[in-house]
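Presented below is the structure to which this report refers.
The values are calculated or read from the model by the stated rules, or taken from the named source; none is laboratory data. Quantities reported herein were computed from a predicted structural model and do not represent experimental measurements. A quick note on method: Cβ atoms are made from the backbone with ideal geometry, for glycine too, and the neighbour counts reach across all protein chains shown.
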Amino acid sequence: MAAADIIRAPLAAHKGDYGYDAPYALLGFAAAALVSIMLFVAGMRLHERTLIRIGAIYGAVFLLFTISFWYTTRRGKFVQWARVLADVGLRGDERVLDLGCGRGAVLMMVARCLTSGRATGIDIWKTIDQSGSSAARCRQNAAREGVADRITLATADMRAQPFAAGSVDFVVSSLAIHNIRLAADRAQALAEAVLVLAPGGRLAIADIKHTRSYAKELSRLGMLDVTRRSLGWRFWYGNPIAATWLVTARKP
Ligand SMILES: C[S@@+](CC[C@H](N)C(=O)[O-])C[C@H]1O[C@@H](n2cnc3c(N)ncnc32)[C@H](O)[C@@H]1O
């Protein structure tokens, strides 16, 4: 195992229960796979070639989508975020803010990189976006991961954050900003993120949609070293159309 992987593996391993992202989308894929397999079976019984073909093709496609989605939400996103955090190389004394922390998948990994620093998660706890998203579940996960002493949680909308300007060293956000429906509101969330960052502070946003416009908006807001890259198949929510991209930037 390469040295970098030895560092990353324990970071991606977790003891908490982080639920399922977009649970209804996952259920939709699973239901479509099931219906297609039932069509295939019916076709076999009735000796109907068209039904067999349709059932087999759609069954295979939706089964793959379901497996990919399940893998990403339960494992892949942890592996890829561990890599991102290893690349960022936190010192351990940073003040970190996670926008839309949910049950704390990324928040806890960040907290495990901290020594004297503090990781704060904000969320409005929408269970349609993540199954069981709640402050109580997030706190429970912090205890299971042994990082409760480094975590603060707040119920807050990322479009109107309660934190002082320049009070954060590193902002992270995973699969959360796209849940804001209006482009102007997503831009507002980014402006708030930039505002709370201290000079020299960094930002890492992973999302499945709108990442090009995040990069553009961050540049417009004066952020430096803005980059955007794919996080690969491990972070596909079912298929490459729902691939996750990472946007990073630094405040001057
Ligand atoms: C798919 S979950 C991702 C949770 C976590 N970041 C992760 O990767 O496991 C999206 C989260 O964003 C939260 N969220 C959606 N809109 C938000 C907003 N305007 N402000 C704060 N949190 C928000 C939801 O409540 C949900 O917990």
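Scoring R103 on the criteria (1) more than 25 Å from W236 (Cα to Cα); (2) touching a strand residue (DSSP E or B) at 6+ places or on another chain (Cβ under 7 Å); (3) of a type in the set (K, R) leaves a single failure, condition (1).
Number of residues in segment 147-165 that are farther than 26 Å from P199 by Cβ and over 21 Å from the mean Cα position of the chain (by Cα) equals 1. Would you call T72 in a helix (DSSP H, G or I) and in contact with a strand residue (DSSP E or B) (Cβ under 8 Å, 6 or more places away or on another chain)? Here the answer is yes, as T72 does meet what is asked.
The residues in segment 58-103 that are in contact with a Gly (Cβ under 6 Å, 6 or more places away or on another chain) and either under 30 Å from F29 (Cα atoms) or hydrophobic (A, V, I, L, M, F, W, C) (or both) can be counted, and the count is 6. Report yes if L27 is hydrophobic (A, V, I, L, M, F, W, C), over 30 Å from Q161 (Cβ atoms), within 16 Å of the ligand (Cβ to nearest atom) and modelled with pLDDT of 95 or more, otherwise no. Criteria met by L27.
What pairs can you find where one residue is in segment 101-112 and over 15 Å from D129 (Cα atoms) and of a type in the set (A, V, I, L, M, F, W, C), the other is near the ligand (Cβ under 10 Å from one of its atoms) and part of a loop (DSSP other than H, G, I, E, B), and their Cβ atoms are less than 8 Å apart, with a gap of 6+ or different chains? Once the first residue is over 15 Å from D129 (Cα atoms) and of a type in the set (A, V, I, L, M, F, W, C) and sits in segment 101-112, its partners that are near the ligand (Cβ under 10 Å from one of its atoms) and part of a loop (DSSP other than H, G, I, E, B) give L107/C101.
Of the residues making up segment 80-124, those that are of a type in the set (D, E, K, R) and away from the ligand (no atom under 16 Å from the Cβ) number 6.
Here is a yes/no grid of residues against (1) within 14 Å of the ligand (Cβ to nearest atom); (2) under 23 Å from L90 (Cα atoms):
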{"position": "A187", "(1), (2)": "yes, no"}
{"position": "A193", "(1), (2)": "yes, yes"}
{"position": "A204", "(1), (2)": "yes, yes"}
{"position": "R212", "(1), (2)": "no, no"}
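Of everything in segment 61-74 that is touching a residue at least 60 places away in the same chain (Cβ under 8 Å) and within 13 Å of the ligand (Cβ to nearest atom), the residue that is nearest to I241 (Cα to Cα) is F69.
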